[in-house]
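What follows is one structure encoded as structure tokens, with my remarks underneath.
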Amino acid sequence: MHRKGVSSAVLGVVVSLIVGTLILASAPSSLENLLKDYLKTKVEAAPPPRDRPSPSTGTTVALGCGNFPPKLSSAQADIQYGKYRDYIDQTIGELPGTAPLKAVLNPHAFVAAIATEETSFEHYNPDGSVKRGSSGEYGIMQIMPIEIEAAGKVCKDNDIVDSNKDLEDVLKNVRCGVHYLNQKLQDCGNILEDAATAYNSGRCDSSDKSYGKRVIGHYEEWKKCIKQKYLWPVLFTNSVSGYCFGDRAPESRDGIHKGIDAAGRLDDKVMAIANGIVVTVVTGCSEGDRRCGGGLGNYIKIKHDDGLYSVYSHLSKVSVQKDKKVEQGSEIGTVGNTGYSLGAHLHFEIHDKMDTSVNPCNFLDCSATKCR
Ligand SMILES: [Zn+2]
């Protein structure tokens, strides 16, 4: 969250300090940059938290699973990590289906990356409770208060906060930060680095990209240890061989394609995208019988813990039974060419809680495909 909201009195002191010390040494620079440099120096010069070893290389924070926020003791971090993790997932889940944050490869890791960078400014208490930073920002997402920062409006519009006091609540703080980040992704054309930059500076095209670059670095680390909520359903591939969601498709019931056609070779493994219960199994379809399974051929439908459904069709083999529990990543069948299919592929659908088909790319990583 950006730090322009420093009171003019504080700014005056800071500026005179900076100008006093740097005026001879530095090339002409904007006030904003001077202030940033000062804040950076201040952060770098801060003593390491007493219950955590000093990072070995400057301000680089060692990341890893269960190590979030990075400067808490490990026991505290474990507790806080679990807590924040639920909050982050919960909030991402409440965003509309087409929210840009949901289209990010690993939205949870991206939010964690922002929180990692923000908590590096040390404006939180060692016990994980929320403290107000020197520029007036709150909590692990470092939300600037309503009267100063646009995030306040985003959060107010989404009924997350009523007043600045609400930002001290950890859940509301996370929710507010997630909604604000989602807004910035939309503003910045879904470009992650620009959205992170805008989270800090308010502008997608800020000339200072250092914050955005650091967040992308944290994001890459977090991706290694935060599991994607939904996996791509075909092992070893992540491409689309046919139609995307919403394409005109003559073979579909009303001419509109209700899912995506994931590429795969005959008998490639098909995996459950998330934990759930098998609610429908259709078998007995052989290749060439186009009407079998209502055109879907051999297929499986799974109901997931969050209420969504996933549908895997044209299978050559089904290896699960109705009413059985399945785990994320477990094999449920194999890629085939049964039903109305002109070659081996997986026609894959996601249905919402009302059992209406929705764009799978709102949930899966379609970034390597032509589908969006
Ligand atoms: Zn299809």
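The values are calculated or read from the model by the stated rules, or taken from the named source; none is laboratory data. Source: prediction; values computed, not measured. Quick reminder, even Gly has a Cβ in these numbers, built from the backbone with ideal geometry, and neighbours come from all protein chains shown.
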Evaluate the stretch 206-226: report whether one residue or more is without any contact (Cβ under 8 Å) to a residue 60 or more places away in the chain, outside any helix (DSSP H, G or I) and hydrophobic (A, V, I, L, M, F, W, C). no
Residue check: is Leu185 crowded, with 24+ Cβ neighbours inside 10 Å and modelled with pLDDT of 80 or more? yes
Search result, residues across the stretch 332-349 that are polar (S, T, N, Q), more than 10 Å from the ligand (Cβ to nearest atom) and over 20 Å from Gln321 (Cβ atoms): Asn337
Residues in the stretch 192-202: is at least one in a loop (DSSP other than H, G, I, E, B) and in the same structural domain as Pro107 (by TED's automatic domain parsing)? yes
Name every residue in the stretch 325-337 that is outside any loop (DSSP other than H, G, I, E, B) and surrounded by fewer than 14 Cβ atoms within 10 Å (Cβ to Cβ), in order of residue number. Lys325
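Residues checked against (1) basic (Lys, Arg); (2) at positive phi:
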{"site": "Glu193", "(1), (2)": "no, no"}
{"site": "Tyr199", "(1), (2)": "no, no"}
{"site": "Gly202", "(1), (2)": "no, yes"}
{"site": "Ser210", "(1), (2)": "no, no"}
{"site": "Arg214", "(1), (2)": "yes, no"}
{"site": "Trp232", "(1), (2)": "no, no"}
{"site": "Ser239", "(1), (2)": "no, no"}
{"site": "Gly242", "(1), (2)": "no, no"}
{"site": "Arg253", "(1), (2)": "yes, no"}
Residues satisfying the stated conditions in the stretch 293-311, i.e. at pLDDT 95 or above and touching a helix residue (DSSP H, G or I) at 6+ places or on another chain (Cβ under 9 Å): Asn298, Tyr299, Ser310
Pick from Gly295, Gly288, Gly284: which is touching a residue at least 24 places away in the same chain (Cβ under 8 Å) and of a type in the set (Gly, Ala, Ser)? Gly295
If we scan the stretch 238-250, do we find a residue that is farther than 17 Å from Ile114 by Cα, crowded, with 16+ Cβ neighbours inside 10 Å, more than 16 Å from the ligand (Cβ to nearest atom) and within 19 Å of the chain's Cα centre (by Cα)? yes
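Matching residues to (1) of a type in the set (Phe, Trp, Tyr); (2) touching a helix residue (DSSP H, G or I) at 6+ places or on another chain (Cβ under 6 Å); (3) closer than 24 Å to Lys102 by Cβ:
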| position | (1), (2), (3) |
| --- | --- |
| Lys156 | no, no, yes |
| Asp166 | no, yes, no |
| Val174 | no, yes, yes |
| Gly189 | no, no, yes |
Taking the conditions exactly as written (at pLDDT 85 or above and in contact with a His (Cβ under 7 Å, 6 or more places away or on another chain)), does Asn158 satisfy them or not? yes
If we take the stretch 238-324, then strands (runs of 3 or more DSSP E) inside it with 3 or more residues that are more than 19 Å from Asn359 (Cα to Cα) are 276-282
